[in-house]
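The values are calculated or read from the model by the stated rules, or taken from the named source; none is laboratory data. Everything numeric in this text was worked out from a predicted model, so none of it was measured. Backbone-built Cβ (ideal geometry, glycine too); neighbour counts: all protein chains shown. Surface accessibility is based on the protein's heavy atoms, side chains included, excluding ligands, DNA and RNA. Shrake-Rupley method; radii C 1.70, N 1.55, O 1.52, S 1.80 Å.
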Amino acid sequence: MEIHGVLVASPGMGHAVPILELGKRLLSHHGFNRVTVFPVTDDVPRSKSLIGKTLTEEDPNFVIRFIQLDVSGQDLTGSLLTKLAEMMRMAIPQIRSAVMELEPKPSVFVVDLLGTEALAVAKELEIAKKHVLVTTSAWFLALTVYMASLDKGTLFKHLSSYGALLIPGCTPVKFDRVQDPSGYVRELAESQRIGLEVVTADGVFVNTCHSLEPVTIRSFLDHKNLGLVMNGVPVYPVGPLVRPAEPDLKHEVLDWLDLQPKGSVVYVSFGSGGALTAEQTMELAYGLELTGFRFVWVVRPPAEHDPSASMFDKGTNQTEPIDFLPYGFLDRTKDIGLVVKTWAPQEEILAHEATGGFVSHCGWNSVLESIVNGVPMVAWPLYSEQKMNAWLVSEELKIAARVDAGNGVVKKEEIVEMVKRVMDEEEGREMRENVKELKKKTAEEAVKNLSTPQAAYFTQY
Ligand code: UDP
């Protein structure tokens with residue numbers, strides 16, 4: 001029998017990239033004959049262009065069909081999670097009809113954490129296996145399912161008291177101080193819904209591995225700890241699922257990196273959605289200039305009220321001049337720095353031997369890409385679960401210096417100090433050694449994860 005898998009990715013490259021990688025692996029390693037990926041997006045040309053940059057080979061059995069949402073006139077407010085969850089809700093009828101049209105009928109359905117409402121569609125269409133791919137950490141999955149197991153009152157008490165949430169068998173999560181917990185009502189409701197839907201899947205695959213999250217993974221395997229919360233649904237670490245760097249890619253940044261000494265360049269990027277305020281953008285520019293280190297900086301136009309503003313940027317500003325950096329900055333730094341607008345080939349940059357450090361917003365894919373390339377980080381979280389990721393890389397894995405982004409603008413002096421802690425030969429030595437060790441371990445685990453029974457689970461039904 002032909003095995004056809006259908007994979008649905010919620011909006012954003014952070015979801016599309018690992019879903020696409022999983023799709024490729026299902027074909028190359030797990031006996032699938034056909035894979036259809038449905039990335040949901042409100043901007044097909046932009047998604048097509050970004051996804052196109054991550055795919056190099058064409059395979060007739062690997063089909064990508066975009067699900068175009070019309071969000072005009074919709075009230076997409078609130079946090080990024082709320083917005084994306086709402087978009088995925090709007091997409092359900094289109095997902096249903098797109099899946100119904102597929103030939104041969106798919107027997108495996110996979111969706112990321114933000115699209116768990118679609119599991120009910122897979123059930124309705126009698127698809128044999130329904131899975132979730134968690135495109136972030138096991139720790140975040142733990143938080144999501146555990147929060148769903150608590151009643152709203154208990155959860156609110158935690159939020160209001162700013163106390164740490166003690167999750168069975170793993171590191172507690174300390175909520176930030178918030179002015180008004182009622183601002184979280186919608187986000188909590190979405191998060192609890194997702195947590196309840198996750199446990200309706202046949203299996204949950206997490207883009208992580210033991211050497212990154214040993215304690216949390218153990219707790220999921222323990223039926224007295226998170227295993228109990230999962231209600232018997234198995235959780236498998238399948239990572240790191242990371243797009244491999246393309247060795248022959250041509251790009252101006254890579255040409256520039258070719259001319260720089262080994263390990264001398266700090267790469268600065270805040271993912272596909274991250275945006276800084278005007279003041280913060282200026283401060284970062286001054287900071288980079290002051291460090292004296294070489295840099296590649298992917299810049300975005302400033303946004304004052306939403307650190308995830310670039311996620312829904314329609315690409316209009318790609319042609320606009322960069323007029324938001326300090327006067328004379330580009331000229332003064334032209335010998336040591338390269339400023340790139342909007343998008344750069346991140347995997348190839350991190351894999352380049354000239355790259356010695358990564359100032360990152362700590363999106364989970366960026367964290368994994370940094371680790372598999374052995375590059376230490378300056379962790380500068382902006383939104384969503386990035387603070388948890390930043391904590392993990394700095395406090396537990398000790399491969400990053402973490403900026404204190406909670407107190408308004410990060411000053412240039414702090415930026416200099418953080419970049420030095422990572423890039424300086426002496427100061428950064430320990431982090432460099434740790435991340436090289438982790439690179440080795442995760443590479444071994446990635447290979448193992450392709451062949452162990454947990455990978456075969458995708459096709460067992
Ligand atoms: N990315 C890239 N070039 C850029 C910005 C991002 O190739 O200029 C890729 C990056 O390599 C990663 C994904 O987009 O695979 C972003 O995912 P991540 O989880 O790091 O952050 P998000 O964008 O979801 O916040």
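Give me the pairs: first residue in the stretch 316-330 and open to solvent by 30 Å² or more (accessible area, probe 1.4 Å), second residue charged (D, E, K, R) and at pLDDT 70 or above, beta-carbon distance under 7 Å, and six or more apart or on different chains, which are they?
Gln318/Lys341; Ile322/Lys341
Go through Pro11, Pro39 for me and flag whichever is free of Cβ contacts under 8 Å to residues at least 40 places away in the same chain and under 17 Å from the mean Cα position of the chain (by Cα).
Details: Pro11 fails: free of Cβ contacts under 8 Å to residues at least 40 places away in the same chain.
Answer to the check: Pro39.
Looking at (1) within 28 Å of Val185 (Cα to Cα); (2) open to solvent by 10 Å² or more (accessible area, probe 1.4 Å); (3) assigned to a helix (DSSP H, G or I), which is the one condition that is false for Leu50?
Tallying (1) within 28 Å of Val185 (Cα to Cα); (2) open to solvent by 10 Å² or more (accessible area, probe 1.4 Å); (3) assigned to a helix (DSSP H, G or I), Leu50 fails exactly one: (1).
Can you pull out every residue in the stretch 16-47 that is within 16 Å of the ligand (Cβ to nearest atom) and either open to solvent by 30 Å² or more (accessible area, probe 1.4 Å) or assigned to a loop (DSSP other than H, G, I, E, B) (or both)?
Going through the stretch 16-47, the residues within 16 Å of the ligand (Cβ to nearest atom) turn out to be 16-25, 37, 39-43, 46-47.
Passing the criteria: Lys24, Arg25, Asp42, Asp43, Arg46.
Looking at (1) of a type in the set (Val, Ile, Thr); (2) within 23 Å of the chain's Cα centre (by Cα); (3) away from the ligand (no atom under 16 Å from the Cβ), which is the only condition Thr291 fails?
With (1) of a type in the set (Val, Ile, Thr); (2) within 23 Å of the chain's Cα centre (by Cα); (3) away from the ligand (no atom under 16 Å from the Cβ) applied to Thr291, the lone miss is (2).
Under the condition of being under 24 Å from Tyr286 (Cβ atoms) and modelled with pLDDT under 85, which residue from the stretch 309-357 is farthest from the ligand (Cβ to nearest atom)?
Pro321
How many residues does the stretch 226-272 hold that are part of a loop (DSSP other than H, G, I, E, B), farther than 30 Å from Ser149 by Cα and of a type outside the set (Asp, Glu)? Break it down into steps so the answer makes sense when it comes.
Taking the stretch 226-272 first, the residues part of a loop (DSSP other than H, G, I, E, B) are 230-234, 238-251, 259-264, 270-272.
Filter once more, so that each one left must be farther than 30 Å from Ser149 by Cα: 242-251, 259-264, 270-272.
Filter again for of a type outside the set (Asp, Glu), leaving 242-245, 247, 249-251, 259-264, 270-272.
So the count comes out to 17.
Scan the stretch 53-67 for residues that are open to solvent by less than 40 Å² (accessible area, probe 1.4 Å), β-branched (Val, Ile, Thr) and at pLDDT 90 or above and jot them down.
Just the residues of the stretch 53-67 that are open to solvent by less than 40 Å² (accessible area, probe 1.4 Å), to begin with: 54, 62-63, 67.
If we keep only those that are β-branched (Val, Ile, Thr) as well, we get 54, 63, 67.
Across the stretch 53-67, the qualifying residues are Val63, Ile67.
Report, ordered by the first and then the second residue, all pairs with beta carbons closer than 8 Å, sequence separation of six or more or different chains, a first member in the stretch 283-305 that is without any contact (Cβ under 8 Å) to a residue 40 or more places away in the chain and open to solvent by 10 Å² or more (accessible area, probe 1.4 Å), and a second member that is small (Gly, Ala, Ser) and within 14 Å of the ligand (Cβ to nearest atom).
Note: pairs meeting the criteria are Pro301/Ala275; Pro302/Ala275; Ala303/Ala275; Ala303/Ala309; Ala303/Ser310.
Whether any residue in the stretch 72-80 is surrounded by 20 or more Cβ atoms within 10 Å (Cβ to Cβ) and either away from the ligand (no atom under 16 Å from the Cβ) or free of Cβ contacts under 8 Å to residues at least 24 places away in the same chain (or both) is what I want to check.
no
Based on this model, can you work out whether Lys262 counts as within 26 Å of Glu425 (Cβ to Cβ) and open to solvent by 50 Å² or more (accessible area, probe 1.4 Å)?
Details: within 26 Å of Glu425 (Cβ to Cβ): yes; open to solvent by 50 Å² or more (accessible area, probe 1.4 Å): yes.
Yes, satisfied.
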